[in-house]
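The values are calculated or read from the model by the stated rules, or taken from the named source; none is laboratory data. Keep in mind it's a predicted model, so treat the numbers as computed, not measured. Cβ coordinates were reconstructed from backbone atoms using ideal geometry, including for glycine residues, and neighbour counts include every protein chain displayed. To get the accessible areas, we keep the full protein, side chains included, count just its heavy atoms, and leave off ligands, DNA and RNA. Shrake-Rupley method; radii C 1.70, N 1.55, O 1.52, S 1.80 Å.
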Amino acid sequence: MDYAAKAIAALPADLVEEARKCFDGQDPAHDWQHNLRVLAMCERIGEEEGADMQVLRLAALLHDVGRTEERRTGECHAEISARVAEKWLRERGHGEDVIARVQSAILAHRFRKERPPVSLEEQILFDADKLDSIGAIGVARVFAYTGVIGGPIQSDDPQQHTPAKEYAWKLTRIKDRLFTKTAREIAQERHAFMVRFFEQWELEVKGLQ
């Protein structure tokens, strides 16, 4: 059994299904498969680091359920997801402490928000979500998202989003922003792969390879 399947098996089936429905029509960089990869990485890191797995699994499952509403309203998806998590978990009889800790982890998972993760579970969800932005998966996601927003894969316009610019601005910084020892170890090879890819990319767009 892989880490994603192990996490899913430990979660309430009805909650998993309700969460999955929130990803219908979502872009390929933030779809249900992204959610499963984050769950898998939380499971792996959480076991290594000694996390509260109930809180971590619930937070990972629900961390992006607000993305559809974000597209509609412009409100931060983490804030929407935290509200949804509170409602769904309270309906299922979870205690206030678990609900508060799940919400806190969800609210702290954003890279661009000034709300750094503090608890171990917050740090692991942050790390797992960011690890999905680097390595082979990260390269695929940044190209997929560029297509979603109608951007070019290459441009000389400094104001125009391209995969290479997102790599230079954000993806190169991720390995140094991670919190847990396990995540930092995983990030080393993912980062190295990404560097090799964009070095080759630069040579090819200049006609040097």
**Prompt:** From Arg90, Arg110, Arg101, which residue is under 17 Å from the mean Cα position of the chain (by Cα) and either of a type outside the set (Val, Ile, Thr) or closer than 24 Å to Val195 by Cα (or both)?
**Reply:** Arg110
**Message:** Tell me yes or no: at least one residue of region 86-97 is in a helix (DSSP H, G or I), open to solvent by less than 10 Å² (accessible area, probe 1.4 Å) and in contact with a Leu (Cβ under 9 Å, 6 or more places away or on another chain).
**Reply:** yes
**Prompt:** Among the numbered criteria (1) under 21 Å from Val55 (Cβ atoms); (2) in a helix (DSSP H, G or I), which single criterion is violated by Ile174?
**Reply:** (1)
**Fill in**
Residues of region 143-169 being within 14 Å of Trp201 (Cα to Cα), part of a helix (DSSP H, G or I) and among the β-branched types (Val, Ile, Thr), in sequence order, are none
**Asked** Restricting the search to region 3-26, which residues are without any contact (Cβ under 8 Å) to a residue 40 or more places away in the chain and open to solvent by less than 60 Å² (accessible area, probe 1.4 Å)?
**Response** Ala4, Ala5, Ile8
**Prompt:** What single numbered condition from (1) under 25 Å from Ala82 (Cβ atoms); (2) open to solvent by less than 70 Å² (accessible area, probe 1.4 Å); (3) charged (D, E, K, R); (4) more than 14 Å from the chain's Cα centre (by Cα) fails to hold for Glu122?
**Reply:** (4)
**Fill in**
Filter region 189-209 for residues that are basic (Lys, Arg) and open to solvent by 100 Å² or more (accessible area, probe 1.4 Å); the one that is nearest to Thr162 (Cα to Cα) is Lys206
